[in-house]
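See below for the structure under consideration.
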Amino acid sequence: MYHAVLTQQKVIALQQPCLRLLLTLRLHTRQSIEHRDRNCVFSHKSLKDSTSNNSIMSSDHREDFQEAVTAAGQGHLLDDWDRSSTDQRLHLMADIQEFDLAYVNSSYSASKSVAAENKRPPQPLQEVTTLKDLVHDNVNTWTKAGYKLITEGRAAVLLLAGGQGTRLGSSAPKGCYDIGLPSHKSLFQLQAERLIRIQQLAAEAIHGQSAKVRHPVKWYIMTSSSTDAPTKDHFEKHHYFGLDPNQLFFFQQGQLPCLTPEGKFIMASSHALAKAPDGNGGVYLALAKSGALQDMQSHGVEAVDCFAVDNALIKPADPLFLGHCHSQQTDCGARVVAKAHPEEKVGVFARREPHVEVVEYSEMDPQEAASVDPSTGELRYAWSNVCMHYFSTAFLVAMADRLKQQGQYHIAHKNIPSKDGPVQGVKLELFIFDTFPMAQRVSLMEVARASEFAPVKNAPGSASDSPDTARKAIMSLHQRWVEEAGGSVSSLEGIEVSPLMSYGGEGLDQLCKGKTFQSSLDGTLQGRQQ
């Protein structure tokens, strides 16, 4: 999970027995955390480069390595050592040294203990800024505060983009997916163009009409081992969709070894560990490991808008949300939507005194989840978690530091492919909202589902959360914008407005008033001269 290539000088130093032992073998001690934080664990390539004289395969080295792995309770990883080639041994060593064995062992033990605890029942949450609460004065004050954060470079965007479009019938990163809009823009392009537009709106709101963007919003994009290269290729191929390449920071989600129920590492082959992504909550450690947190701090970022790649209606760096949370000195927050119906299978925000947390629908009694407050006639558990979060940079740093010491993961029992065929095993996952109970200040703000939430999760043709429903949501919303600006739309499927022309319906009066748009893709609303 924490490995980096050593410099040539450090590779040479590996020939010194004491330092080699310190850097590579004592994985079962807490010293490994210190070396991990200094990026001292080496990669497969550096291992191979350091073994031209085959010294790393000496009997002393093998015995030290075996002793360290055995002391961590993972001696079975070396069962096939004697039958393995030099390359296979190097690959296995690099695989093992990718992880802090003590960290994995202690985290799994802690995770089992937490899973066995009897949680107190959740209670309904009242502290939500609802749409009814968003009166004119509040909206103006918070929006201006958000614009100020953006123009001064104190706001950033964090995108969770590690997933592939497998359920959509695509092996490409989900962000590359074309949901079928008339423009055929990918999810990545929609988000990039909205970011360009909000940067300009913020500059003009603070510095006057036609003001230039002084501090482009930093965009941190978390990929995975399977999506990193194609994601970068997609952005490069499309010239970063008009963004400054320097404002983008790509980094990869971490992995953890798959375990047996007893905590033994599972072998995918005789010389490779079975691994799995550590969940979207791995973002905290991944930010720290990649240098993204340090980059945020060096650029003066204080407020971070975080969301998943598959929301086709997301408003990146929403100034109202940023201003709302930052003004209240929020550690972490969320944009929430009201549940679509009582039986909707979605996690909800609730309170387990004294903390705010997300309670998954599988954790709640169905009758309780659908219960109604008789005094209001509204659902008691109404506020859905839709992965639209806010974090202060200070909170991200604190959570990364805390998780470096020990993680508490969700334990998912799965069939794991292994060298002996599929076996019953365990994957450790952290959810991004698992840190909410650790926050001192949490802010929740309701947003309208029809204008801010259109997930793309299910296959085309599905009745909900599909490319079709997301496309319809965008084009229906844009039709309302046109009509509110004094125009009309005769196209039965609605109309598409380029994000470069409007972020949230603004700026369309002159283009739309008195006009009828017959095509779903009108050049005027795409920024093309007619």
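The values are calculated or read from the model by the stated rules, or taken from the named source; none is laboratory data. The model shown is predicted, which means the values in this text are computed figures rather than measured ones. Here the Cβ positions follow ideal geometry from the backbone for every residue, glycine too, while neighbour counts run over all protein chains shown. Areas reflect the complete protein model, heavy atoms only, side chains present, ligands, DNA and RNA absent. Shrake-Rupley method; radii C 1.70, N 1.55, O 1.52, S 1.80 Å.
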Radius 15 Å from Cβ of Glu484, net charge of other residues (Lys, Arg +1; Asp, Glu -1): 0
Between the range 388-420 and the range 268-306, the Cα center-to-center distance that results, in Å: 9 Å
Under the span-like rule (Cα at least 20 Å along the axis, Kyte-Doolittle mean at least 0.0), DSSP H helices of the chain: 101-116, 187-207
Gained length - Gln328 relative to Gln88, 0.36 nm times residue gap less alpha-carbon distance: 80.9 nm
Whole-percent carbon and sulfur share, accessible surface of the chain, 1.4 Å: 48 percent
Exposure of Ile314 as accessible area (Å², to 10), given a probe of 1.4 Å and all protein chains: 0 Å²
Ratio Rg/Rh, restricted to the range 200-346 and using Cα atoms, in which Rh is the Kirkwood radius: 1.04
Where the range 348-452 is the region considered: accessible area per residue in Å², 1.4 Å probe: 47 Å²
Computed accessible area, Tyr108, all protein chains, 1.4 angstrom probe, square angstrom: 10 Å²
Surrounding net charge for Leu181, when Lys and Arg each add one and Asp and Glu each subtract one, Cβ distance under 9 Å: 0
Positive dipole terminus of the range 286-423, leading residue within Tyr390, Gln367, Gln405 (C-beta point charges): Gln405
Solvent-accessible surface (1.4 angstrom probe) belonging to Asp465, in square angstrom, nearest 10: 60 Å²
Rg to Rh, two decimals, where the range 298-401 supplies the alpha carbon set and Rh follows Kirkwood: 1.02
